[in-house]
């Protein structure tokens, strides 16, 4: 199909692409009455829920800090609290940066480049988040045991079986997510280089 | 005429344009509806900033296409490929009409283009001049010509490979 033929087909399809009048009317009424929520600048529920869980976990650690006696476990608990506060903040800030945009001020090319760059930054932040989360998992196990008053050294097969299996599962999951991020990062970078050629 | 009435009039007169952009950048009816609404909302939001110096359709295409970029399937975290398989499969399933097969072939070809080319080709198919395409996309008029030649070549190669 040549470009001119494509143009003819496009013009033909244009005649059929019309939204039913009543749907347009309904939506315009709803939107001008400010009952429509834009999706572009909205941070998803999953991000909010994730952040709340992290903050609750941090509060749990603060409340139970006095139950931890060993200095090493106390240090782990402090680091854990810090991560539980920092991780969601990093995530929310990077997501807000990805979404905080003004679509009308840019040309199409600028919009593609801007979105591509924002996406790359967001994915890099997410990679950092995953690495920190893995570290958090490692230190959370002995800290939680200390709060419960259990000596994990006395738990049968903990260091030889339970702990390595947990870490292995998380590593597999993290590697899978990171690989997927890397692929999308490469695709985005490739797309940005393509459009500038 | 108040702002709201004027805006509704503008949207009604140009809804085909919005619908086509929503159609081209999504792969399901649900996403298409969402994008349509988001575009109208972004147009409403920036309606005050629109001035007569900028041609109405240029402003509308710019807002519509930019909105499509920023609402690209973020859930899938993809940026490069916007599948229109669903659309083309739908066309293939509903009818054996040769015209609909032509539409399917048209979408298949647009699908192989990158985001910038996709925007340029849509404006070209809409019958926009090189100058208007340049204004909307943000590249020089001569660059529009070069890009269209490359797109032609790409589409030709796609035809031969197939």
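Going by the conditions given, is residue B:79 closer than 19 Å to residue A:110 by Cα, at pLDDT 85 or above and within 10 Å of chain A (Cβ to nearest Cβ)? Write out each step before concluding.
Working: closer than 19 Å to residue A:110 by Cα: yes; at pLDDT 85 or above: no; within 10 Å of chain A (Cβ to nearest Cβ): yes.
It is false that residue B:79 is closer than 19 Å to residue A:110 by Cα, at pLDDT 85 or above and within 10 Å of chain A (Cβ to nearest Cβ).
Among the numbered criteria (1) at pLDDT 80 or above; (2) more than 19 Å from residue A:128 (Cα to Cα); (3) in a helix (DSSP H, G or I), which single criterion is violated by residue A:79?
Tallying (1) at pLDDT 80 or above; (2) more than 19 Å from residue A:128 (Cα to Cα); (3) in a helix (DSSP H, G or I), residue A:79 fails exactly one: (2).
Find the residue count for the range B:1-14, including only residues that are surrounded by fewer than 20 Cβ atoms within 10 Å (Cβ to Cβ) and closer than 22 Å to residue B:71 by Cα.
So the answer is 1.
In this structure, is residue A:120 within 13 Å of chain B (Cβ to nearest Cβ), closer than 30 Å to residue A:38 by Cα and part of a loop (DSSP other than H, G, I, E, B)?
Details: within 13 Å of chain B (Cβ to nearest Cβ): yes; closer than 30 Å to residue A:38 by Cα: yes; part of a loop (DSSP other than H, G, I, E, B): no.
No: the conditions fail for residue A:120.
I'm told residue A:92 meets every condition in (1) at pLDDT below 85; (2) within 14 Å of chain B (Cβ to nearest Cβ) except one. Can you identify the failing condition by its number?
The one condition residue A:92 does not meet is (2).
Residue by residue, here is whether (1) assigned to a helix (DSSP H, G or I); (2) in contact with a helix residue (DSSP H, G or I) (Cβ under 8 Å, 6 or more places away or on another chain); (3) modelled with pLDDT under 90 holds:
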| site | (1), (2), (3) |
| --- | --- |
| B:87 | yes, yes, yes |
| B:101 | yes, yes, yes |
| B:104 | yes, yes, yes |
| B:128 | no, yes, no |
| B:133 | yes, yes, no |
| B:146 | yes, no, no |
| B:149 | yes, no, no |
| B:155 | yes, yes, yes |
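So residue A:190 ticks every box in (1) within 14 Å of chain B (Cβ to nearest Cβ); (2) touching a helix residue (DSSP H, G or I) at 6+ places or on another chain (Cβ under 8 Å) but one. Which box is left unticked?
(2)
Just one of A:153, A:114 is modelled with pLDDT under 80 and either loosely packed, with under 13 Cβ neighbours inside 10 Å or assigned to a helix (DSSP H, G or I) (or both); which is it?
On the way: A:114 fails: modelled with pLDDT under 80.
So the residue among A:153, A:114 that is modelled with pLDDT under 80 and either loosely packed, with under 13 Cβ neighbours inside 10 Å or assigned to a helix (DSSP H, G or I) (or both) is A:153.
So which residues in the range B:43-59 are surrounded by fewer than 23 Cβ atoms within 10 Å (Cβ to Cβ) and at pLDDT 80 or above, if there are any at all?
Initially, the range B:43-59 is screened for residues surrounded by fewer than 23 Cβ atoms within 10 Å (Cβ to Cβ), giving B:44-59.
B:44, B:45, B:46, B:47, B:48, B:55, B:56, B:57, B:58, B:59, listed by residue number.
Quick grid of which residues meet (1) under 19 Å from residue A:196 (Cα atoms); (2) at the interface with another protein chain (Cβ under 9 Å from one of its Cβ atoms); (3) touching a strand residue (DSSP E or B) at 6+ places or on another chain (Cβ under 7 Å):
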| residue | (1), (2), (3) |
| --- | --- |
| B:112 | yes, no, no |
| B:118 | yes, no, no |
| B:124 | no, yes, no |
| B:135 | yes, yes, no |
| B:143 | yes, no, no |
| B:147 | yes, no, no |
| B:151 | yes, yes, no |
| B:157 | no, no, no |
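Within the range B:1-20, which residues are closer than 22 Å to residue B:123 by Cβ and more than 10 Å from chain A (Cβ to nearest Cβ)?
Passing the criteria: B:10, B:13, B:14.
Yes/no matrix, rows are residues, columns are (1) within 20 Å of residue A:112 (Cβ to Cβ); (2) under 13 Å from the mean Cα position of the chain (by Cα); (3) part of a helix (DSSP H, G or I):
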residue: B:1; (1), (2), (3): no, no, no
residue: B:15; (1), (2), (3): no, yes, yes
residue: B:19; (1), (2), (3): no, yes, yes
residue: B:40; (1), (2), (3): no, no, yes
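The values are calculated or read from the model by the stated rules, or taken from the named source; none is laboratory data. It should be emphasised that the depicted structure is a prediction, and the values quoted were computed from it without experimental measurement. Cβ atoms come from the backbone with ideal geometry, glycine included; neighbour counts cover every protein chain shown.
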